Every structure is written in C-alpha cells, then in structure tokens.
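Contents: one structure, followed by commentary.
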Amino acid sequence: MPKKLLAALLCIALIFLCGSCSAVNRDEAVLNVSGAEIDREIFAYYFDKVVANPENYSLKKDASASQKADKAVELCVRYVTVNTMFRKYNLQLTSALKTEISQNVGTLWTCYGNHYKKIGVSRATISKIQTNVTYENTIFTALFDNSDEESEKKVKKYFAENYIIFRAVSGYFTTTDAAGSAIDMNDAQKNAMEAQFKLLASNIKDISGLESATAELGYTPSSTILLKKNQADGYPKGFFEKVSALENGKASVLRFDDCIFIIWKYDPAEREQEYASCRSQCVKDMYSAFGEASYKSIEDSLTVKRNESEIGSFIKNINLYG
C-alpha cells in the first residue's frame, strides 16, 4: 500500500475515533420526557432538593438513594408538564413577573450560589427553575382565579383562616448564675416575669405603644410577621392556634413552657399588603386538588425514558447533595 494512502487512511481513522470519543463523553440527557430532554443540571437541582428534605416530598427521612432519585424523576416530569401546560393554554408572563423571576434568581444565587456550583447547577438553570415555578402559579391563576366578588370572598376567608399577622415581644424563662451560665428560672421567677409582661400589655393601647412601653424594660418588638398555618417551625407547639384565637388590635400575653410573648395581632381583613403577597398561594392551596388532576392528565400522556447510567451516577455520589 502506498505510504501516502496509508497516511490518509490513518488520518481518517483518527478523526473518526476522536469524533466518537467526543460523542461518548458529552453530557447525556438524564431523562427524555416525550422528547423533552432533562439535562444533568435540572436533575441535579431536584435531586438536591429531595436529598436535603425528603419529608417534604412524601418520603421517609431514611429513604434510600434510589427512592430519592425516583422522586427527583417525578419532579422533573412535573417540570416538563408545567412547561407543556403553559404553552397549551397560550399563557404569557407579564413584565412584572419577569422582573420578579430575575430578582428571585439573584437572591438565590447570592445565598446558595456556591452550593449550586458544587453540585453542577448554573445560574441559567436556576433561572429556568424559577421561570417554571412562575409558570405554575400563572397556570393556577388562569384556571382557578376568578375575579367575581364571591370568589374573592372565598380567597380572603381562606387567607384569614390560614395566616396570622402580628408583632411580638418575646422573653425566655432563663437567667444566669454567678458564673454567667444560663440556667432555667424557678417557678417564682417565671410567674414574676409573666406578671411583668401582663402589666406591660395592659398599658399598650395601640401599635406605637408596643414599642414605647416595652423599650423601657429593654425589650425590642419584632417587625410585622406573616405566619402560615402548619409552617410555624421555630415557634412553640400550638403557637399558631393560640395566636389565631387572640383578639385583633389588642396586646395579649401568651405563656409557654420555655418562653412568653406579648402579641399584637392584626386583623387580616385590614392588611392588604400581606394579603396581596399571599393571594396567589392561597388560590393555589385552595384548588391544589383540581390542579393536581389537571397535571395528572398531562403526565399520564407522557412517556419517560430514563438514562439509568446517568441516574446511577447521582445515586453513587449522593453525599454531594442535600
């Protein structure tokens, strides 16, 4: 064989081989959902969420890595479903919503950018995820948010029953010993503190008095707090229910085992700013069962092809996530 021909053939073989290597090493889709490819970044985002808080996704805390991966697959399918429904109903995002997405992405990247980088999720993917979240809220608004007076009353009723708005002054039943270490108060000390709080509360006639009356004793009232039912983590057991039962526009004292509060509870019907910020979520909560049925009808029509090799790599490296 002539040397020139042999060299040419070797050159072609090398080009073919390099091309094949490139195809093998490129990032493959983790899932194909009816033609929509889910890349490693999107899957990593959802897998990370599930690993961090499996209980939020109907899994046990000690769920296996495979179970967590399966749940991430479900979330990716929902991601595709939401995008599909948004297009199906010919919906559009307003300029205000686009600005909100951009702001949310900026906040998330500032707070968690290093973690996202560690798990291989770019800012562009966070933008896709936040856009998808906004799509979902927009779908609910389009399908279930009627503008008639009766519907508005129902949403406001739900808001009043499931949210509390208040300011608080808090005290803890601890004191310090001679060495400066924190110790629990005895019953007499707790009762004295409760009496002090009740006297303070009796002198508070309006919201401005909350600050002036408590400042004299070195207490600082909280800013206005909007708290949703079943999301009172960090508060004593039964806090939401007890605050809900308090009279609006009045300072009241609530005592718990380890702490005590003066609470100024606002009338939710008079808090338009907080209502406006929660209204979309209220609608979503109220009609979640109907929305879930709508999503399910789409999801049942989708075909899901899993790249088990890619999913396996996430399972193998689960310690990177969460």
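Here are some notes:
- For the criterion of being in a helix (DSSP H, G or I), of a type in the set (D, E, K, R) and modelled with pLDDT of 90 or more, GLU194 passes.
- Output for region 277-303, where each listed residue is more than 18 Å from the chain's Cα centre (by Cα) and of a type outside the set (D, E, K, R): TYR287, ALA289, PHE290, GLY291, ALA293, SER294, TYR295, SER297, ILE298, SER301, LEU302, THR303
- Only a single criterion out of (1) under 30 Å from ALA36 (Cα atoms); (2) out of contact with any helix residue (DSSP H, G or I) (no Cβ under 9 Å at 6 or more places or on another chain); (3) not assigned by TED's automatic domain parsing to the domain that holds TYR89 is not satisfied by LYS237, namely (1).
- Here VAL77 fits the description: modelled with pLDDT of 95 or more and farther than 14 Å from LYS128 by Cβ.
- Qualifying residue in region 308-321 (condition: part of a loop (DSSP other than H, G, I, E, B) and closer than 30 Å to ASN203 by Cα): no
- None of GLU292, GLU274 is crowded, with 16+ Cβ neighbours inside 10 Å and of a type in the set (D, E, K, R) except GLU274.
- The set of residues in region 66-110 that are among the aromatic types (Phe, Trp, Tyr), in a helix (DSSP H, G or I) and either surrounded by fewer than 19 Cβ atoms within 10 Å (Cβ to Cβ) or in contact with a Phe, Trp or Tyr (Cβ under 7 Å, 6 or more places away or on another chain) (or both) comprises PHE86, TRP109.
- Within region 177-186, none of the residues are more than 23 Å from LYS237 (Cα to Cα), touching a residue at least 60 places away in the same chain (Cβ under 8 Å) and over 29 Å from the mean Cα position of the chain (by Cα).
- For VAL283, the requirement of being of a type in the set (Val, Ile, Thr), at pLDDT 95 or above and within 20 Å of PHE86 (Cα to Cα) is not met.
- Flag if ASP233 is farther than 23 Å from ALA72 by Cβ, among the acidic types (Asp, Glu), assigned to a loop (DSSP other than H, G, I, E, B) and modelled with pLDDT under 90: yes
- Taken over region 30-51, the criterion of being part of a loop (DSSP other than H, G, I, E, B), among the small types (Gly, Ala, Ser) and in contact with a helix residue (DSSP H, G or I) (Cβ under 8 Å, 6 or more places away or on another chain) is satisfied by SER34 alone.
The values are calculated or read from the model by the stated rules, or taken from the named source; none is laboratory data. Just so it is clear, the structure is predicted and the values come from calculations on it, not from any experiment. Positions of Cβ are generated from backbone atoms using ideal geometry, with glycine treated the same way; all protein chains shown enter the neighbour counts.
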